[in-house]
1. Looking at S86 and the list (1) polar (S, T, N, Q); (2) surrounded by fewer than 21 Cβ atoms within 10 Å (Cβ to Cβ); (3) touching a strand residue (DSSP E or B) at 6+ places or on another chain (Cβ under 7 Å), which single condition is not satisfied?
2. I'm trying to understand the selection: among the residues of the stretch 54-68, which are of a type in the set (G, A, S), out of contact with any Leu (no Cβ under 7 Å at 6 or more places or on another chain) and within 16 Å of ligand 2 (Cβ to nearest atom)?
3. Has the stretch 45-67 got at least one residue that is surrounded by 15 or more Cβ atoms within 10 Å (Cβ to Cβ) and away from ligand 1 (no atom under 16 Å from the Cβ)?
4. Going through the stretch 127-178 one residue at a time, which ones are polar (S, T, N, Q), part of a helix (DSSP H, G or I) and surrounded by fewer than 16 Cβ atoms within 10 Å (Cβ to Cβ)?
5. Just name the residue that is farthest from ligand 2 (Cβ to nearest atom) out of those in the stretch 185-201 that are hydrophobic (A, V, I, L, M, F, W, C) and surrounded by 22 or more Cβ atoms within 10 Å (Cβ to Cβ).
6. Just checking, how many residues over the stretch 204-229 are outside any strand (DSSP E or B), away from ligand 1 (no atom under 13 Å from the Cβ), touching a residue at least 12 places away in the same chain (Cβ under 8 Å) and under 21 Å from A67 (Cβ atoms)?
7. Can you find a residue in the stretch 130-146 that is in contact (Cβ under 8 Å) with a residue 12 or more places away in the chain and in contact with an Asp or Glu (Cβ under 6 Å, 6 or more places away or on another chain)?
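The values are calculated or read from the model by the stated rules, or taken from the named source; none is laboratory data. Quantities reported herein were computed from a predicted structural model and do not represent experimental measurements. Quick reminder, even Gly has a Cβ in these numbers, built from the backbone with ideal geometry, and neighbours come from all protein chains shown.
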Amino acid sequence: MSNVSAPALRVSLRSVARRFEQPDGSQRTVLRDIELDIRAGEIVAILGPSGGGKSTMLRLVSGLDRADAGRVEIDGTPVAEVDQRSAVAFQEPRLLPWRTVERNVRLGLPRGTEPAAGRARVAELLRLMQLDAAVSLRPRQISGGMAQRASLARALARNPGVLLLDEPFGALDALTRLTMQDLLLEVHAVEPATILLVTHDVDEALVLADRIVLLGETPDAPGTGSTIRTILHVPGERPRDRAAAAIVELRSLLLEGLGVPSHHVSAP
Ligand SMILES: Nc1ncnc2c1ncn2[C@@H]1O[C@H](COP(=O)(O)OP(=O)(O)OP(=O)(O)O)[C@@H](O)[C@H]1O
Ligand SMILES: [Mg+2]
């Protein structure tokens, strides 16, 4: 796999802000003063309240959306509209229903891929994602977990230097979610792209990420939009022990930061 895998790329956000126009014509700031440097090959999780701008931040890095202020760069150059250096996978798999799994994954290949190389790459990804049995099935014939794996394979087909994941396992049952987390780490070990992962799940962030970014409004400036409140390094090599003291401590810190009342906070 390493012969085709693109090198992981660093990502930086400098003084980034994004505002949206409201129905009444006024402007509302969703993100402000975002400063973040992500190392090549690093896994960074973004946590924060619903509506706090997590998806917006991911869209800015993907090039699907543009910042109103500041700079978003991959490998030191500004992101382009639908930047070929990154790939996105969303909470819903967004597969084309009339195409087979194999054809859906093939859609992720970079433009101009030589057919034989493309077929080999797709076959490799289907194997890596444990989708061999689903190759010629259509999306309605496969499970949610398989569909999500196909979606991830399609994103990886591009050989992205930066993989952007917006709650990729959010719609899956708890057990499938754990399997997918393991699979993502396996993939990352083979193809170490830089990963930006938006999640609602504190444990998912603790298991997967090198660093966790807590996005939200600061208490001293309510209504001014989300910014980075904290960046936490997650200690320990992966796979991590969820019951390790340092992880348990970080979990309560994060839940507290997210405003979860302490009676919901318990050891695993
Ligand atoms: N294109 C847009 N036009 C107007 N408002 C938008 C647009 N995109 C996002 N917003 C607003 O920006 C805010 C942040 O949205 P975003 O989707 O980034 O939040 P989020 O943190 O991903 O939330 P969730 O956890 O629920 O997915 C929301 O109030 C949303 O309504
Ligand atoms: Mg979102």
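1. Result: S86 fails condition (2) only.
2. Of all residues in the stretch 54-68, those of a type in the set (G, A, S) come to 55, 62-63, 67.
Now restrict to residues that are out of contact with any Leu (no Cβ under 7 Å at 6 or more places or on another chain): 55, 63.
The answer is S55, and nothing else.
3. No, there is no match, as no residue in the stretch 45-67 is surrounded by 15 or more Cβ atoms within 10 Å (Cβ to Cβ) and away from ligand 1 (no atom under 16 Å from the Cβ).
4. To start, the set of residues in the stretch 127-178 that are polar (S, T, N, Q) comprises 130, 136, 141, 143, 148, 151, 159, 176.
From the residues that got through so far, the ones that are part of a helix (DSSP H, G or I) too are 141, 148, 151, 176.
Correct list: Q141 only.
5. In the first step, residues of the stretch 185-201 are kept if they are hydrophobic (A, V, I, L, M, F, W, C); the result is 185, 187, 189-190, 193, 195-198.
If we keep only those that are surrounded by 22 or more Cβ atoms within 10 Å (Cβ to Cβ) too, we end up with 193, 195-198.
Working: A193: 21, I195: 16, L196: 13, L197: 12, V198: 6 Å.
In this case the residue turns out to be A193.
6. So the count comes out to 1.
7. Yes, the stretch 130-146 contains a residue that is in contact (Cβ under 8 Å) with a residue 12 or more places away in the chain and in contact with an Asp or Glu (Cβ under 6 Å, 6 or more places away or on another chain).
Rundown of residues vs (1) at negative phi; (2) part of a loop (DSSP other than H, G, I, E, B); (3) touching a helix residue (DSSP H, G or I) at 6+ places or on another chain (Cβ under 7 Å); (4) within 14 Å of ligand 2 (Cβ to nearest atom), yes/no style:
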position: L31; (1), (2), (3), (4): yes, no, yes, yes
position: I46; (1), (2), (3), (4): yes, no, yes, yes
position: G52; (1), (2), (3), (4): yes, yes, no, yes
position: G70; (1), (2), (3), (4): no, no, no, no
position: L95; (1), (2), (3), (4): yes, yes, yes, no
position: L109; (1), (2), (3), (4): yes, yes, yes, no
